[in-house]
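Everything on this sheet refers to the single structure shown next.
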Amino acid sequence: MRSNFKYVAVFILSFLSLIFLLQILFMKNLYDTVNIQLERSIIECLEIADLHELQHRVDSLDHIPDSLKEGGYIEISNSLDLNPSNEIVYKNKKKIVLKGDTLHSAEQIRKTSLDVLNRMNFIVKEALHEAIDSIARPNLTFFYHALDSCLQERKIHSKLYRVEHIHLATDSIIGQVILSDNSGRADIYDWVFDQTVPRGYRIYIEPLMKSVLHTMIGSLTFTLILILFLSFSFWYLIRTIFQLKTLEEMKEDFTNNMTHELKTPIAVAYSATDALVNFGQGENKEKRERYLYICKEQLEKLSGLVEQILSMSMERRTKLTLKREEIQVREMLETLSETHRIKAKKEVVIQIHMDPENLTIVADKTHFNHVMSNLIDNAIKYSTDSVSIHIQVRKENGSSIFTVRDNGIGIPPDKQKYLFDKFYRVPQGNRQNAKGYGIGLYYVKTIVEKHGGTIHVESITGRGTVFTINLP
């Protein structure tokens, strides 16, 4: 069992560790993937915000200075292949000549939409920037609002710290909008709209970790639940294995103790009987009576052992029929006290206090007799040479309270919670001074609970133990 337990524990631990490792690798890969997707979304938002800002300036050309309106025109000169649907037009009834396949009037520029700009290739956008930037500089405030709106739509909740219009060749700032002074710990993204000069936008944005984790919240929650579930399952499995291991050890101890307990009376009774039959000891009346008494005593002991084993076996069944009858408590206790005083090989004083004196209970006489016998027997076994037992029975709130107090060796506080477990015996170093097999108190608790009662123990090491039964 010990060897198998070790292998099982190692296998389970290795398997769970592998699952945790794979889950961590999966989450890391997912984190990297989401991070890349969000970075791509930021670049796309930069492009969209640039188009919005460019459209905004085109729509604002009505407000350019008069000096630029009179008699002039803007020429965008590029070799392009635009079909008639890709119309590029401009305002102020001034001509902007697009040297390509089609020439359009200035009025048509008012009909240009954002969708048309999105379909333009980069050369056209660059040409538009060059043309419009010569009239009006980029509106960084509008660009910021357009960018922030796009980021919110893409569920990117990182805060913008700064937006700059920069000259990339010299890394000089042409214009900027400072939104926060935390740009020192920000991620930086550039968007180049003019490669000729070159010029573009640079933004300082809060690191994406918060946005990535927000995007991964579903996967993170599932992973956390999975880890907690597997951890709980592992803990419960190991706990169960430990319990089985402990039970197995208890059963081994029980088997060893029971074998010894059963062999002793059988061997003694066999030897006494053999002496009477085969060696003529039966002719001597004194020896015959002594040997017969020994046989009787050992057979009674053997009968008691078998009876308790059968009782324990019966208690494992879900259906146990109690033969309830009225019991005179004092009579039962006095009989038990006298029996144990005679059996004991040391001085035993048992005091019985009843309130009222004629107290009776309704219970299974045989089983409840065994309950009280077990408690008295334990008080005698786990005491010093001089045993003092005080049994008190009283009526209280419709219940009968049985208290068995002794002056024995006591039970350590950390062992008391295991006292009523099957096969459990309080460790006493490398030896057990008192014989037993760990089912007596388990049997006591089972029978008391079958009667609808409760039992609890109080003990101080070196000063004694008190068992209290509350029986309805």
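The values are calculated or read from the model by the stated rules, or taken from the named source; none is laboratory data. These numbers come from a predicted model, not from an experiment. Every residue, glycine as well, gets a Cβ built from its backbone with ideal geometry; the counts of neighbours run over all protein chains shown. The accessibility values were calculated without ligands, DNA or RNA, using every heavy atom of the protein model including side chains. Shrake-Rupley method; radii C 1.70, N 1.55, O 1.52, S 1.80 Å.
In region 338-472, the C-alpha radius of gyration followed by the widest Cα-Cα span (Dmax) gives 14.6, 46 angstrom. Round to a whole number: what % of the accessible area of region 138-252 belongs to carbon and sulfur, probe 1.4 Å? Exposed carbon and sulfur together represent 61 percent of the surface.
Within the assembled protein chains, the solvent-accessible surface assigned to Phe232 is about 120 Å², based on a 1.4 Å probe.
Any of Lys323/Lys345; Lys245/Lys445; Lys245/Lys381; Lys346/Lys395; Lys381/Lys417 with alpha carbons more than 25 Å apart? Name them for me. List each step's numbers first, then the result.
Working: Lys323/Lys345 34 Å; Lys245/Lys445 23 Å; Lys245/Lys381 28 Å; Lys346/Lys395 32 Å; Lys381/Lys417 20 Å.
Over 25 Å apart, Cα to Cα: Lys323/Lys345; Lys245/Lys381; Lys346/Lys395.
Spin-label pair Ser386-Asn470: with each label point 7 Å from Cα along the Cα-Cβ axis, the two points sit 3.5 nm from one another. Once backbone amide H atoms are built at 1.01 Å from N, Ile350 has Ile389 as its partners under 5 Å, excluding neighbours fewer than 5 places away on the same chain. Between the amide H of Tyr382 and any residue lying 5 or more places away or on another chain, no distance stays under 5 Å, with hydrogens modeled in the peptide plane. Pair-distance distribution P(r) for region 136-247, from all Cα-Cα distances in 5 Å bins starting at 0: 2, 10, 14, 15, 11, 8, 6, 5, 5, 5, 4, 4, 3, 3, 2, 1, 0, 0 percent.
For Phe193, the residues 5 or more places off, or on other chains, whose built amide H falls under 5 Å of its own are Arg199, Gly200, Tyr201. A compact globular protein would have a Cα radius of gyration near 2.2 N^0.38 Å; the ratio found for region 6-55 is 2.20.
Extents of region 349-399, taken as max minus min of Cα coordinates on every principal axis and listed largest first, are 37, 22, 17 Å.
Comparing Ile391, Leu375, Val466 along the charge dipole axis of region 341-472, the residue lying farthest to the positive side is Leu375, per the Cβ-charge model.
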